Every structure is written in structure tokens, then in C-alpha cells.
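The numbers here are math on the coordinates, done by the rules we state, and not lab data. Since this is a predicted model, take the numbers as computed values, not measurements. Using ideal geometry, Cβ is built from the backbone for each residue, glycine included, and neighbour counts are taken over all protein chains shown.
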Amino acid sequence: MSRQGHQREYSIVVLGTGGVGKSCLTMQFIQGIFVERYDPTIEDSYRKQVEVDGRQVVLEIMDTAGTEQFMIVAAKLTITTHRDMYMRLGQGFLLVFSITSTSSLRELVELREQIVRHKNDPSFPIVLVGNKSDLEEDRAVSRTKAFHLSQSWGNIPYYETSARKATNTNEVFIDVCRQIIRKDIQSGRLDPLDSERSDRGKRKKKKSKADGGSRCTIQ
Ligand SMILES: Nc1nc2c(ncn2[C@@H]2O[C@H](COP(=O)(O)OP(=O)(O)OP(=O)(O)O)[C@@H](O)[C@H]2O)c(=O)[nH]1
Ligand SMILES: [Mg+2]
């Protein structure tokens with residue numbers, strides 16, 4: 001985390017196996033577009049300024065590579081090294097699977113263990129994301145199953161998203177950012193009054209689902 005004047009900067013890492021829609025979710029959040037073509041990511045990062053609970057923050061989103069199957073050994077090593085780097089740099093993580101693939105959910109178990117090991121903190125900011133919710137007819141992972149997993153991971157939020165339909169795509173990034181801010185306040189790195197001051201007058205605004213930190217958000 002760094003500060004630019006009063007503006008905080010947070011790094012969010014998007015993790016999950018190949019083809020689950022990490023890049024599409026990221027592009028929806030950053031640019032508001034859906035990319036139909038599948039172009040496996042090597043690594044990409046983006047920056048976006050957002051307002052969260054009256055606080056201006058800059059998010060650095062790291063969109064990671066999920067596909068390893070066609071990689072030669074040397075490149076696989078590179079991915080492993082990158083993953084280590086992401087684990088170190090990330091202040092929050094989106095763990096993404098596709099609701100059409102049970103194996104994509106299974107793959108997250110190991111990734112989440114890696115995060116907890118690296119951060120030595122079972123309550124590190126993480127959101128579980130079941131993407132491709134528009135493909136209901138191809139659903140292979142029930143909401144209940146994913147929700148129970150999110151509860152067993154320290155009651156982390158579970159959202160179902162559709163990058164295609166732009167459903168909950170902003171909410172997942174804002175939720176993880178809100179968790180990072182909460183950690184910053186708890187550790188004394190951030191003054192809780194900062195947002196109270198700039199948030200004055202906004203308090204009567206109707207709470208959105210994401211504002212309420214809802215635990216299972218499906219639309
Ligand atoms: N129907 C539907 N298709 C999606 C959705 N999100 C992504 N896709 C499609 O799934 C394919 C893979 O999407 P990507 O975002 O490139 O997947 P990725 O997780 O970044 O894959 P890697 O970069 O290889 O790790 C693309 O053809 C997308 O158009 C979604 O919400 N609904
Ligand atoms: Mg990608």
C-alpha cells in the first residue's frame with residue numbers, strides 16, 4: 001500500500017484456473033466491456049480510481065494466468081514464481097471459479113491455502129466468485145456448495161457474477177477493497193474518521209447489497 005496525498009493505493013489479485021473469466025471480470029470492472037474471445041492471459045495489470053464508503057482509493061488489479069497446461073517446464077516455473085510474487089503483493093484476492101466447472105472450484109482450495117500460508121492470516125481479505133452465472137443451464141456447482149465452502153473459509157463473502165451481463169462485477173472488487181480498508185483501520189494504518197468526514201451527508205443513502213457486506217450475493 002502506498003499513499004498519494006490522502007489517496008490510498010491497494011493491490012488486488014485475481015486468481016483462478018484458466019478460462020473461468022478472470023480477465024473478463026477485470027475488463028468489465030475497468031472498462032465496462034465484455035470480451036467474447038478467449039485469449040489466455042500471461043499477466044496484466046490495471047489501475048482504477050474508485051470511491052468506497054466516501055474514500056477515494058486507487059486499485060491496482062493484477063489479472064493472473066490460470067492456464068498452465070500448454071506451458072513448457074520453464075514457463076511453468078515462471079508462473080509459479082509470479083504466483084509467489086502475487087501472493088506477496090496482494091492485499092486482497094478474488095478467487096474465481098466458473099459455476100459450470102466443479103474442477104475450477106476444487107482448484108481454489110489449494111490457492112486459498114497458499115494465501116493463508118503466505119499471509120499467515122486466516123481472515124485475509126478474500127472474496128469467492130462464482131462467474132458465468134448467465135450460464136444457468138450449464139451449472140455444475142450449486143450455490144449451496146459454493147456458499148458452504150465460503151463459510152468454511154472464515155465466512156468470506158460469496159458472489160455469483162456474470163462478466164457477460166455485468167452482474168455483480170463491480171461489487172466483488174468493491175467488497176474486497178472494503179475488507180482491506182477495514183483491516184487498515186483495525187491495524188491503525190487508517191483513520192476511521194477520514195471517511196466519516198468526507199461521507200457526511202451521504203449517510204441517508206439507501207444501502208446497496210454490497211454496502212451491507214452481504215454474505216451470499218446472487219442476482
Ligand atoms: N457466458 C459467459 N462467458 C464468459 C463469462 N466470463 C468469461 N466468459 C468467457 O470465458 C472465456 C474465458 O474468459 P477469460 O476472462 O479470458 O478467462 P481467464 O480466467 O482470464 O483465463 P486465463 O487468462 O487463461 O486464466 C472467454 O471466451 C469469455 O468470453 C461470463 O460471465 N459468461
Ligand atoms: Mg485471463
Query - Under 5 Å, built H, 5+ apart or other chain: amide partners of Ala140 - result: Thr100, Ser101
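As a quick test, which of the pairs Lys119/Lys183; Lys145/Lys183; Lys22/Lys48 have an alpha carbon distance above 23 angstrom in this structure?
Numbers: Lys119/Lys183 13 Å; Lys145/Lys183 28 Å; Lys22/Lys48 16 Å.
Cα-Cα > 23 Å for Lys145/Lys183; rest within.
Which FRET efficiency, nearest 0.05, do Ser187 and Ala166 yield, Cβ-Cβ r, R0 41 Å? Mind dumping the intermediate values first?
On the way: r = 34 Å, r/R0 = 0.82.
It comes out at approximately 0.75.
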Query raised in the report: Taking a quarter of the surface of the Cα convex hull of region 9-191, what do you get in nm²?
Result: 10.2
Query raised in the report: Extent of region 91-130 along each principal axis, from alpha carbon coordinates, in Å, largest to smallest?
Result: 31, 15, 11
Report summary line: Subtracting the Cα-Cα distance of Glu36 and Glu9 from 0.36 nm times their residue separation yields 6.7 nm
